[in-house]
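The values are calculated or read from the model by the stated rules, or taken from the named source; none is laboratory data. Everything numeric here is computed off the predicted structure, so don't read it as measured data. All Cβ positions, glycine included, derive from the backbone under ideal geometry; neighbour counts span all protein chains shown. Surface areas here come from the heavy atoms of the whole protein model, side chains and all, with no ligands, DNA or RNA. Shrake-Rupley method; radii C 1.70, N 1.55, O 1.52, S 1.80 Å.
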Amino acid sequence: MKIDRPALKEAIVDTTLGAIVNFPLSWLTIFVALLFTKNSFIISLSQLIILSLLAIIRRYYIRVYFQERQIRKQKKYGQQQTQENQD
């Protein structure tokens with residue numbers, strides 16, 4: 001089985017950023033929710049909504065970043081190929 005290195009790198013970056021952002025956000029969500037309610041369902045639901053929205057936004061920006069990076073590499077590689085063919 002061949003490992004897709006760019007996909008692996010993207011997954012590692014996304015997971016690391018997720019952990020860095022989600023841990024404090026999770027704590028803050030619970031802290032604020034406990035000020036208003038002790039209902040575990042409400043707390044869980046609010047956490048689910050907040051963390052899911054943030055995950056969607058985070059994944060979108062990471063995906064766009066890696067796509068643009070790949071396009072830049074392809075353009076650079078294409079320019080190098082063109083220069084080599086002209087020589």
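A few comments on the model shown:
- Residue satisfying condition, being open to solvent by less than 50 Å² (accessible area, probe 1.4 Å) and either over 15 Å from the mean Cα position of the chain (by Cα) or not β-branched (Val, Ile, Thr) (or both), within set Phe66, Phe31: Phe66
- Pairing residues of segment 35-49 that are free of Cβ contacts under 8 Å to residues at least 12 places away in the same chain with residues that are open to solvent by less than 70 Å² (accessible area, probe 1.4 Å), at Cβ distances under 7 Å and at least 6 apart in sequence or on separate chains, gives Thr37/Ile43; Ile42/Ala33.
- In segment 12-31, the residues that are within 14 Å of Ile57 (Cα to Cα) form Cβ pairs under 7 Å with partners that are open to solvent by 70 Å² or more (accessible area, probe 1.4 Å), at six or more places apart or across chains, as follows: Asp14/Arg59.
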